[in-house]
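Please treat every number below as a calculation from the coordinates, not as lab data. Since we're looking at a predicted model, the values are computed, not measured. Glycine gets a Cβ as well: all are built from the backbone with ideal geometry, and neighbour counts include every protein chain shown.
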Amino acid sequence: MYDFERDKIIEASNEIISSSMTVGSWGNISMRTDDGNIVITPSGKNYKKLKKEDLVVTDINGNVISGKFKPSSERLMHYEIYKKRNDVNAIVHTHASYSSILSVINEDLPVITEDVAMILGHVKVAKYAITGSMDLALNVASALDNSNAAIMANHGAVAVGSDMERAYTAAQVLEKSCKIFVFSKIIGKLNVIPEDDVKRLYEISEAYLSQWKQWD
Ligand SMILES: [Zn+2]
């Protein structure tokens, strides 16, 4: 059951490992199915060995429907995001290096490049709370109010989308943009895109994304 979602999650898991956006079993990925259930990566399983039958199916309140492993220990964050954002059907949480630098210095990512405007919007830092807690889940869901990504203070990053391609693309754009932000701050002054242009860029992003799909 849920073969489509399982394939997409395994594909994204392989991508976050091969692109060094996370290591070992850190980070987690989920999708919301058409009937409102959640397919999510299991707790503590190394991504390199992850198979689609290892994924866990739960309802949006965390009741396990099927799976031989426990769902991700950070599952509450996924549920709270899906409850808050009806437009989100895929979530990618990583411990990527440059996103983690912003999480440590506790700085939002301003709209510094056009892809940030089109894919992410202004990215906020969600207030720190310990991993797996409901406080963290609520802080992250709150930071995702008007954006497709959030930095998690002293932890990592989360990216969302209406499908897995968009969520994964948001995770990639976030990490690349945090790298640009870090180096720009080291070298000189940051120039951000004017607010009116940010709005225009966001409006045309749907057309842009449909041309830009890399998968399938
Ligand atoms: Zn984490």
Review point. Under a plain spin-label model, where a point goes 7 Å from the Cα along Cα-to-Cβ, how far apart in nm are GLU114 and ILE204?
Key: 0.7 nm
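What FRET efficiency comes out for the pair GLU53/PHE183, r = Cβ-Cβ distance, R0 = 41 Å, nearest 0.05?
Working: r = 42 Å, r/R0 = 1.02.
According to the calculation, E is roughly 0.45.
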Check your understanding: Could you give the dipole magnitude of the chain about its Cα centre, charging the beta-carbon of Lys and Arg +1 and that of Asp and Glu -1, in debye to the nearest 20?
Key -> 740 debye
Study note, to complete from the structure: In the neighbourhood of LYS179 defined by beta carbon distances under 15 Å, the net charge of the other residues (Lys, Arg +1; Asp, Glu -1) is -1
Study note, to complete from the structure: Per-residue ellipticity at 222 nm attributable to helices in the chain (runs of n ≥ 4 DSSP H, -39500 (n - 2.57) apiece, nearest 500 deg cm²/dmol) works out to -12500 deg cm²/dmol
Exercise for review: In a Gaussian network model over the chain where Cα atoms closer than 10 Å are linked, find which of ARG200, ARG75, ARG32 has the largest mean-square fluctuation.
Suggested key: ARG200
Exercise for review: Compute the signed sum of charges (Lys and Arg +1, Asp and Glu -1) over the other residues within less than 13 Å, Cβ to Cβ, of LEU136.
Suggested key: -1
